[in-house]
Structures are given as C-alpha cells and as structure tokens.
Amino acid sequence: MDWDPDVFQRNALLAQLAGLIDIDHQQWPTVAELNVHLNPSLSGEPLPVRFINDAEFNALNCYYEQAVAQGLVPTRAQNWHDFFGAVIWALFPQTKALLSRLHMDDISALGLKRTPRRDRITHFDECGLVLAVTNKAEVQTLLKQHAWQTLFIEQRDCFGSQWQPFIFGHAIYEQALAPFIGLTAKCVLIEVEPDFFTLTRAEQYARLDPQLAIELERSALFDRPRPLLPLPLLGIPDWWPANEDPAFYENQDYFRPARQLKGEG
C-alpha cells in the first residue's frame, strides 16, 4: 500500500496518533528517519532500541527476538505493519521491552520453539488494547459478560472521563487503514487514578507505559490461558460513526454474547 501523508486523519482510530507522532513526510520515511522522528519516546526518555533495515538484520544472522534483545528492531522499509510497530515502541517503550524480555526468557529456557506463553505475548503485541479505568473490577465484569449494551450505551459517558482506550497492537493500526465490521482488540485493564483523565494524551502515555509494564510482570498475565478480553473496537464511542445509533450494537455477529458454560441456562 502506498504511503499516505495524512494517515492520521483517515479515521478516528488512526487519529489516536495525531499530535503524538511527528512524521510529516510526503513519501515513506526511511528506517533511519524513523530513528530520528520516534526518539525520544513520549516520556522524554531515549528509546531502548534502534530500528534497523533488512541488510543490517540479515548481517546479524539471528532470529527477530534475538535482534530485539540486542536493542535492534528489524524494520522493513515501506511497510505499514513495521511502521506502526516502530510507532508503538515510541508510545510504550517499557512495555515493549518487557515483552521482548519475556520472549527471551522462554527462548533461553526452552529454545526457539513457540510456547503457549509466547503465543499469548505475541497476540497482545499484535492485537492488544489497554483500557485505563478508574473502576477495574466493574469494567472487567462487563467485558467478561460481554455486556455490550451496558458498556457502550448505558455507560457511554464513562469513555473519556473514567475509561480511556489505548491501542497497543500495531496490527490493529494496520487494520485501521481499512476498518471493517469484526475489528476486535484483545484488552488488558489498568486501573488509574481519576487525575489521569486531566492529563494531556502524551502525559497519559508516559504514565501508562511504566504502569502497564509493572502490572503485566507482577500479574504474570501471559502465564495464564486466555488472559485477554475481547473488545469490539468499532463500538467505542467516537471511534466509528455508525455507533451513534444504538441499533449498531444489535449486530450479534460482531457484538457477540458471552458463551454459556455447560450446565448454565
């Protein structure tokens, strides 16, 4: 797909990056330019990694995760997936570094074969969303119950005042280039103080990233099966024009009811 210099204005999902990432190019930014434009991170700290092109990666003669563990992130030129991957490093450097370390822990212990924990880490890395909330237990229950009417209609005003979504998965941003009904993120909840919602967007990311990294490690989230909660992205208020109509949420192929356990009902 061709470069779009107005990519952050294409729709409300991609607009989450507007004002945060300063890449004003009429052509694809080079990997070297990404190193300039995305460093330092939003926290003001230098990035813990450098983006490298295919030639430099091939010269390392190692696997992707082993390169990242050396602070070198293989980044294909003119590639939306890798472009958004680099952007996420600028937004969540501490969390990305943690995920890299968790991958390497498994590789060191078990070799390069994929483990269930590494699959869960990758799932969040590609398709994750962080929902910052002031009332984690309540929102977690709503998500587990797939209580979409309550979440998106009855408590709609909580978005932006008590709840704030942050896309983490770079594949989500890639899919947002052409959004479709069915676009769903895998959600992690982080409880924040009410003053979080008085911060600028950049300040919110700078506070959220270290808290997310600490919580993911403390909870050993990826050690558990099915640790992530589905969240239909196009249901988030202001992220999709059609969801202004409550009838939008009646599509049960998208807003799926929770599965009943055997013996229920």
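Just so you know, all these numbers are worked out from the coordinates, no wet-lab data involved. As the structure is a prediction and not an experimental result, all values here were calculated from the model. As a convention, Cβ positions derive from the backbone with ideal geometry for all residues, glycine included, and neighbour counts pool all protein chains shown.
So if I take the centroid of the Cα atoms in the range 3-53 and the same for the range 177-245, what is the distance between those two points in Å? Taking the Cα centre of each part, the range 3-53 and the range 177-245 sit 20 Å apart. If both residues of a DSSP beta bridge must be in the chain, then about 45% of such bridges are antiparallel.
Looking at the square roots a ≥ b ≥ c of the eigenvalues of the Cα gyration tensor of the range 117-250, which shape do they give, rounded for a/c under 1.5, prolate if a/b is larger than b/c, or oblate? In terms of gyration-tensor shape, rounded.
Distance between the 7 Å Cα→Cβ label points at Leu199 and Tyr63: 3.5 nm. Taking other residues whose beta carbon is less than 14 angstrom from the beta carbon of Ala77, and scoring Lys, Arg as +1 and Asp, Glu as -1, yields -4. Each peptide in 37-43, 176-182 gets a packing score, the mean of other Cβ atoms within 10 Å over its residues, and the list from highest to lowest is 37-43, 176-182.
The order of the peptides 124-131, 48-55 by mean Cβ neighbours within 10 Å, most packed first, is 124-131, 48-55. Summing +1 for each Lys or Arg and -1 for each Asp or Glu among the other residues whose beta-carbon sits under 10 angstrom from that of Ile172 gives -1. A simple spin-label model places the labels of Ala109 and Asp6 5.0 nm from each other, with each point 7 Å out along Cα-to-Cβ. Each label was represented as a point 7 Å from its Cα along the Cα-to-Cβ direction; for Arg76 and Ala137 these points are 4.6 nm apart. For the range 100-203, the relative contact order is 39 percent, taking Cα pairs closer than 8 Å that sit 6 or more residues apart in sequence and dividing their mean separation by the residue count. Taking every alpha-carbon pair under 8 Å whose residues sit at least 6 apart, the chain reaches a relative contact order of 21 percent. You can think of it this way: the chain between Thr150 and Ala220 has 22.3 nm of extra reach, that is 0.36 nm per residue less the Cα-Cα gap. Annotation: aspartates and glutamates with alpha-carbon distance below 20 angstrom to Lys186 (same-chain offsets under eight excluded): Asp82, Asp119, Asp125, Glu126, Glu138, Glu174, Asp209, Glu215, Glu217, Asp223, Asp238, Asp253.
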